[in-house]
Every structure is written in C-alpha cells, then in structure tokens.
Amino acid sequence: MSVITTWYELEKNMCKKISSRLLLFVLSITAALIFGAGFWGLSFAQTNPLLTGREGMIYIPPGPFLMGNNASYDDQKPEHEIYLDGFWIDRYEVSNAEFVRFLVAMGNQVEKGGRWIELSPNSRIREINGTYKIEIGYENHPVVNVTWYGAQAYARWAGKRLPTEAQWEKAASWNEVSKKKRKWPWGDKWNKELLNCWEGIHQFTTPVNSYPDGASSYEIQNMAGNLWEWCADWYAPQYYKVSPYKNPKGPGKGDYRLIRGGSWTSYRVFATTTYRGMHSPGSGSFDVGFRCAR
Ligand SMILES: [Ca+2]
C-alpha cells in the first residue's frame, strides 16, 4: 500500500477514486436500464402476447375456426370450418373523439348520395362554424349515424379497413385455448350485465371501454351490444353454402352490408356472435357503429 505524503498526491488519489466511482455508477445505471427494459418487455409479452405491437389493436393469430350456427336462423347454416390469416382488429368501437379527428382532416364528404355521417339529433357531434364539436361527456362513446361509406373512408384514412364478416365473427366468438366458439363473446351463458342491450340498462350508448367483463376471449370489448358494427361484406343469406375455405370476403354484390353484434336496442338473440344483421350502406343509424381491422 502506498503512503500519501503530499497534498498533491492526496488530491490525485481522490480524483482517481471519484472517477472510478462515477464510471461504476454510470455503468450500473446503463446496465439497470438495459436489463430493466428487457425485463419489462419480456414480462409484458409473456403476460399478454395479443396486446403487443399496435396501439389499441389486438392480433388474432392465423388458423381455422368454425363459422355459423346450425341451431339458429337459416342464414347462419351450415356451420363450416374456414381458415383465416392472422389479422389485427380494434379493441374498441370507433369513438366520437376519433371520428371527429377524421372529420376535421377530411370534412364530411358526400359519397353515393349521402354524407359520411348524418349529424342529426341522434349524433353527439355538431358542425359549428365549420368545425366539429362533441357534446360534452360523449367523447368516448362510439360514433353513430355513420354510413358504410363513411366507415370505410374513416378506416382508409386511419390506414386500416373494415373487418370481413368472418374476421368479425372469429374475433367475437373463437376461443384459441378450447378451440370452441362462444354464443356470446364472454361465453355460452346469457348475462344481461355484461353488455349494453335492451334487456339491461339501455340508455343509448355507453363508452367504448365499458363492460370489460363482457369481452371476447381475445379481450375485445363491446362486440355484443352498444352498437351494431359494419363489416366489409355484402349480405347474402345463402353465402355460407358457397363460402371459400380460406379468407372468405363475402359475395361480389348485394343490396345490404353486414352488421354484427347487436346494439343498445337489441334483445339477446341479436347480440349472439353468429347473428347476421344487415343495413343499407348509404344510411347511418343511431344503433350502428363500427371498428376497424388491418
Ligand atoms: Ca358492438
């Protein structure tokens, strides 16, 4: 051990100690940050692999799934296995706040004879002095009165598209673990407390993130109730008899587009995961909204 004999040596020695401590401190902080980030990234991915990647969207893995219901209306027959590629779908219905951002950017354009959204009294959005305002308290409620063309235009603007009917049904009904489908998103037992429908509390819409206990197995919310949701496909009652096995996209033409999941105005049968509703694409409604896929 060296003996410090002068102030100069003492000072030099202390500087060395401080520098090495500082270096050690910086190194340990860096290591902690790297390790910590890795740890949280890993644990996040492990606890919920479906929620990684894209804000507000959930990944539905590729694979076969059973579509339709032999125990229900004729247009849901026959039950048939189809295969879907993996896809992303919005966890929530599109909200008034989201749709207003689109209106501000694009305006409320006319397509196929009608405005993208009908700003009638049912809508919580108002056009005031050339801009769009939402009635206070309804920002996070799902947007109503949007035509199919308006929903499609929003999806395109957002870099997304409308889900196909098959994608919607898989996201609402399929359970990856049991490889079985559910009658309602949460399971096979009816429970009016798990959705916004006519049989429960039905005072118009509820926020898009309401009823988390009624979510599908993929944790997608309000697929049953709140609002019917536009799908990309034309409606044809006989389509399941001729549907292709891989990624069906519906018939090439029709008069009505599919809507799915029932709404705040619906009884339980319309809120099932297999019920096929239809609506004229050029008109919106106070009980029809949408979510996007990609
Ligand atoms: Ca819904």
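Restricting the first member to segment 255-271 and to residues that are touching a residue at least 60 places away in the same chain (Cβ under 8 Å), and the second to residues that are within 14 Å of the ligand (Cβ to nearest atom) and among the polar types (S, T, N, Q), the beta-carbon pairs closer than 7 Å and six or more apart or on different chains are Ser263/Asn226; Trp264/Asn196; Trp264/Thr205; Trp264/Asn226. Across segment 198-215, which residue is nearest to Phe286 (Cα to Cα) among those that are within 11 Å of the ligand (Cβ to nearest atom) and of a type in the set (Gly, Ala, Ser)? Selected residue: Ser210. Restricting attention to segment 222-268, the residues being within 15 Å of Ser285 (Cβ to Cβ) and of a type in the set (Lys, Arg) number 2.
If a residue has to be small (Gly, Ala, Ser) and without any contact (Cβ under 8 Å) to a residue 60 or more places away in the chain to count, how many in segment 105-122 make the cut?
Final tally of qualifying residues: 3.
Of everything in segment 191-205, what is part of a loop (DSSP other than H, G, I, E, B) and either surrounded by fewer than 21 Cβ atoms within 10 Å (Cβ to Cβ) or among the hydrophobic types (A, V, I, L, M, F, W, C) (or both)? Give them in sequence order.
Result: Asn191, Leu195, Cys197, Trp198, Glu199, Gly200, Ile201, His202, Gln203, Phe204.
What is the residue count in segment 216-225 for residues that are without any contact (Cβ under 8 Å) to a residue 60 or more places away in the chain and either among the charged types (D, E, K, R) or near the ligand (Cβ under 10 Å from one of its atoms) (or both)?
3
Bear in mind these aren't lab numbers, they're just calculated from the coordinates by the rules spelled out. Small disclaimer: the values here were computed from a predicted structure and weren't measured. Virtual Cβ from ideal backbone geometry, glycine too; neighbours counted across all protein chains shown.
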